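Q: Dumping the structure here so I can ask a few things about it.
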Amino acid sequence: MNLGKCLQNLLRSSPRLHHLTVLSSRHLYTTHFLLHETPEEAPQPETPEPETHFGYQTVPESEKEEKVREVFEKVADSYDLMNDTMSLGVHRLWKDVFVRAAAPAPHFKCLDVAGGTGDIAFRLHRYMRNIDSITEPVTVCDINSAMLRVGQGRAEQAGTSPHFTWLEGNAEQLDLPDDSFDLYTIAYGIRNCTHVDKVLAEAYRVLKPGGRFMCLEFSEVPNPIISQIYDRYSFDVIPVLGQVVAGDFESYQYLVESIRKFPNQETFAEMIAEAGFSVVEYDNLSFGVTAIHSGYKL
């Protein structure tokens, strides 16, 4: 048997041999043999999906949008009635104060986000119409088609449809051009969004330089006595009213819980400033039950 065959036989019989030097009469050569095959890479553990709150529940971020959509599809037809019932009509005063603080000029291009039923948009239009009969249409954006249908129906009944543009869309990713609006309003909607920072970034993007961001939202009551009364009313009365008036306890339970999970006035003001807005300020209404936040794109 020649030297080459002996080497082959040796390699076959010694699979762990990884380096063998062979001397022949003609030359010295080195043979390398792999100790073992490279093992397959172990599968990497899946990155857990980020979570967020849905009221007091913790849910994957991907589920919150659909859950919120389901809530407002359920309450759309009774939403205005429930607002009147829950607040004893005070929400109308809050919204009037909000629009007067916004003070849109007739030539303003206004965008009202999460404004499906039209409460803020109608007030903006009336405010501008009281100054000049010629006004820009108000754009209303809402992620929920059921809420938009309610608003469109109200506009048709009032004969004011030409003064509004209705857009189904997500506040976190608006299908609208940069630098296109003078005023961005959002009332009682931002707390239902999954990523508040993205909503603020989009607001900044679509506003013109000099444009104003305004938000009306439930907030924190600093007075401990009033806060306790407010909590009892919120948790013990509002969901029951939801069941009686709208046949829906759980949706109104969520709405109450979502208020408690939203940042307080100071924290939210900081978030607005971090999004790039200047001259950020807020005003409390009804002891802080609700608050108006404002900032400018300068």
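Any read-out appearing in this document is the output of simple, stated calculations on the displayed coordinates, not a laboratory observation. These figures come from a predicted structure and were not determined experimentally. Every residue, glycine as well, gets a Cβ built from its backbone with ideal geometry; the counts of neighbours run over all protein chains shown.
Q: Tell me the net charge near W166. Cut-off is 10 Å between Cβ atoms, W166 excluded, with +1 for each Lys or Arg and -1 for each Asp or Glu.
A: -1
Q: First check a/c for region 81-224, with a ≥ b ≥ c the square roots of the eigenvalues of its C-alpha gyration tensor; if it is under 1.5, answer rounded, and if not, answer prolate when a/b is larger than b/c or oblate otherwise. It would help to have the intermediate numbers written out before the result.
A: On the way: a/c = 1.29, a/b = 1.07, b/c = 1.21.
Rounded, since a/c falls under 1.5.
Q: Taking 7 Å along the Cα-to-C-beta vector as the label spot, tell me the S180-A101 distance in nanometres, rounded to one decimal.
A: Spacing of the two 7 Å Cα→Cβ label points: 2.7 nm.
Q: Which one of N130, G118, T160 is farthest out on the positive end of the charge dipole of region 65-192, using unit charges on Cβ (Lys, Arg +1; Asp, Glu -1) and the Cα centre as origin?
A: N130
Q: So how far apart, in nm, are the two label points at Q157 and S133 if each is 7 Å from Cα heading toward Cβ?
A: 2.7 nm
Q: Let's see if you can work this out: charge +1 on each Lys and Arg Cβ, -1 on each Asp and Glu Cβ, no other charges. What is the dipole magnitude of region 166-265 about its Cα centre, in debye to the nearest 20?
A: Numbers: 8 positive and 15 negative charges, 57 e Å.
It comes to approximately 280 debye.
Q: Under the 0.36 nm per residue contour assumption, what length would be gained going from the current alpha-carbon distance of E70 and L285 to full extension?
A: 74.5 nm
Q: Residue by residue, what Karplus-based ³J(HN,Hα) values in Hz, rounded to whole numbers, does region 236-250 have, using 6.51, -1.76 and 1.60 with θ = phi - 60° and x for Gly and Pro?
A: Computed from phi, the couplings for region 236-250 are 9, 10, 4, x, 5, 4, x, 5, 6, 7, 10, x, 8, 6, 5 Hz.
Q: Quick one: putting +1 on the C-beta of Lys and Arg, -1 on the C-beta of Asp and Glu, what dipole do you get for region 103-228 around its Cα centre, in Debye to the nearest 20? Let's see the in-between values first.
A: On the way: 11 positive and 16 negative charges, 65 e Å.
Rounded to the nearest 20 debye, it is 300 debye.
Q: Once amide H atoms are placed 1.01 Å from N in the peptide plane, what residues at a sequence separation of 5 or more from L207, or on another chain, have their amide H within under 5 Å of its amide H?
A: Hits under the 5 Å cutoff: D179, S180, F181.
Q: Summing +1 for each Lys or Arg and -1 for each Asp or Glu, what net charge is found among the other residues whose Cβ lies under 12 Å from the Cβ of P209?
A: After counting each charged neighbour, the total is +1.
Q: Under a cut-off of 17 Å between alpha-carbon atoms, report the aspartates and glutamates in cross-link reach of K64, not counting same-chain residues fewer than 8 places apart.
A: In chain and number order, the partners are E49, E51, E73, D142, E172, D197, E250, E257.
Q: Provide the net charge surrounding F249, with neighbours chosen by a C-beta distance below 14 Å and charges set as Lys +1, Arg +1, Asp -1, Glu -1.
A: Cβ neighbours under 14 Å give a net charge of -3.
Q: Run the paramagnetic zone check for L167: 7 angstrom along Cα to Cβ, then residues of region 94-127 with backbone nitrogen under 14 Å.
A: Correct set: 109-116.
Q: Stretched out fully, how many nm does the piece from I226 to E63 gain, at 0.36 nm a residue minus the Cα gap?
A: Stretched out fully, the I226 to E63 stretch lengthens by 55.2 nm.
Q: Grab the Cα-Cα distance for D236 and E274, subtract it from 0.36 nm times how many residues apart they are, and report the gain in nm with one decimal.
A: Working: separation 38, 0.36 × 38 = 13.68 nm, distance 3.62 nm.
That works out to 10.1 nm of additional length.
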